[in-house]
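Some notes on the structure that comes next.
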C-alpha cells in the first residue's frame, strides 16, 4: 500500500484537514480527513518555512537576497518575531498546500494571506509550481520544504500530534497575535538591502 499526500490545510489555526491517495494494487482511493487533533509544532514549522516561497511567488516580496536568507536561516527570519532580522515575513501566513498530478507531473499550489496595515487579511494564492520542470529560482529549496511537510503530515496521520494541554497555550498566543496586529498598522523598517527581482521564475 502506498500513501500519497495530496492536500494539507490548517483549520482554525490548530487542526488539520488533509487529503491523501491510497494506492493498493489496482485501486486508487482518495481520502479526505478533517481531524480534531492539534497539529505538532514540527508540522506548523513546515508550513511556516513555506512563507518566503509564498511571498515571493505572489510577488509580494521581490528581494531575492532576503528570500534566500530566510530560506537558509529560517531561525533568524521566521521563528521569533522579537529577535528576527526583519518582520517582513510575519505579515504572511501559509495555510494550505495542494499537490496535483497531471500526466505524470506534479504541481504544488500554496494558499494563504497577507496581513494588511489595516489589520485585515488579504487572501492570496500563488501560481502552481511544476515540481519536475519549473524554472522557479528557489525550486531546490521548495522541493525539499514540500517533502518535509509531506513527511510531517504522514507523521500526523500516524499519531504525531501536539498535547491537548497546548490548546490553552495556543489561546494565549492568539491573544498576543491580536495585540501585535495593531503594531503592524504602522510602517515598519525595511529588511537588509539586496538585489530586486519581480519575477520568481527565470527565463
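The values are calculated or read from the model by the stated rules, or taken from the named source; none is laboratory data. Predicted model, so just to flag it, every value in this text is computed and none were measured. Don't worry about glycine lacking a Cβ; one is built from the backbone with ideal geometry, like all the others, and counts go over all protein chains shown.
Side notes on the structure shown:
- Search result, residues across the range 34-63 that are closer than 13 Å to residue 161 by Cβ and either out of contact with any helix residue (DSSP H, G or I) (no Cβ under 7 Å at 6 or more places or on another chain) or at pLDDT below 95 (or both): 35, 36, 37, 41, 44
- Residue in the range 110-127 that is part of a loop (DSSP other than H, G, I, E, B), at negative phi and crowded, with 17+ Cβ neighbours inside 10 Å present: yes
- Some residue of the range 82-103 being out of contact with any strand residue (DSSP E or B) (no Cβ under 6 Å at 6 or more places or on another chain), without any contact (Cβ under 8 Å) to a residue 60 or more places away in the chain and at positive phi: yes
- Matching entry among 110, 71 (being within 21 Å of residue 20 (Cβ to Cβ) and touching a helix residue (DSSP H, G or I) at 6+ places or on another chain (Cβ under 7 Å)): 110
- In the range 82-92, residue nearest to residue 113 (Cα to Cα) [restricted to those that are assigned to a helix (DSSP H, G or I) and modelled with pLDDT of 95 or more]: 91
- Matching strands (runs of 3 or more DSSP E) fully within the range 1-81 where at least 1 residues are surrounded by 17 or more Cβ atoms within 10 Å (Cβ to Cβ) and either under 14 Å from the mean Cα position of the chain (by Cα) or on the phi < 0 side of the Ramachandran plot (or both): 2-11, 15-24
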